[in-house]
Amino acid sequence: MALLNILKFPDPRLRTRAEPVTEFDDALRQLVADMFETMYEAPGIGLAATQVDVHKRLLVMDVSEDKNRPMVLINPEILDAEGEEEMDEGCLSVPGYYETVRRAEKVRVRALNEHGESFEIEADGLEAVCIQHEMDHLEGKLFVDYLSSLKRDRIRKKLEKQKKQAVAI
Ligand code: K1U
Ligand code: ZN
């Protein structure tokens, strides 16, 4: 297994729209394993392939307390969404920032697993929020896009400054 590099905002590669997965082979399953390792190590509760510079419609997540409920969603589609809720969100591509975002409260999602088998899930609470956050990544969208341009620019400038300082060390 391998730890993958997570792209950081405002890297333009995070704005790429991901393509559907068509091959369910060992290379895909290796990518899934590497993404889980990267997500648990970060640590995070979700990770989209876009964040590791792979532009395929694939995400992994585990919102359980004990980190024992790994989920893989490939080519996910939202079939139904209802209600609204606000929750604080973070993002491994926007390290150090948590902001409130309004999203659907419940979602019904169809996806494929790493063997190409279709399944449906109904999610609410943090699971629903995480699915929507990760699916946004596959569209090239980040949670900072829900904030005012003033807030987003402030975050961008701070992260750019941190990156420059890290290079100088
Ligand atoms: O997409 C990502 O960058 C992962 C992100 C997912 C997410 C978090 C919160 C709301 C919606 C989506 C994260 O995992 S940020 C880190 C985080 O939330 C966390 C880290 C350690 C323990 C518990 C949570
Ligand atoms: Zn994210």
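Data table
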| item | result |
| --- | --- |
| Whether the stretch 13-169 is rounded, prolate or oblate, judged on the alpha carbon gyration tensor where a/c under 1.5 counts as rounded | oblate |
| Dipole of the chain [Lys/Arg +1, Asp/Glu -1 at C-beta], most positive-end residue of Leu28, Pro76, Leu142 | Leu142 |
| Gln30/His55 FRET efficiency (R0 22 Å; Cβ-Cβ; nearest 0.05) | 0.85 |
| Surrounding net charge for Leu28, when Lys and Arg each add one and Asp and Glu each subtract one, Cβ distance under 9 Å | -2 |
| Alpha carbon centroid spacing (whole Å) that separates the stretch 66-126 from the stretch 130-148 | 11 Å |
| Helical contribution to [θ] at 222 nm, DSSP H n ≥ 4, -39,500 (n - 2.57), averaged over the chain, rounded to 500 | -10000 deg cm²/dmol |
| Span-like helix ranges in the chain, DSSP H, alpha carbon extent 18 angstrom or more, Kyte mean at least -0.5 | 26-41, 125-138 |
| Shape call, the stretch 7-73: gyration tensor on alpha carbons, a/c limit 1.5 | oblate |
| Considering only the chain, percent of DSSP beta bridges that pair antiparallel, nearest 5 | 95 percent |
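Coordinate-derived values only; no laboratory data. In this text, all values refer to a predicted model and were calculated from it rather than measured experimentally. For neighbour counting, all protein chains shown are included, and Cβ atoms are generated from backbone atoms with ideal geometry for every residue, glycine included.
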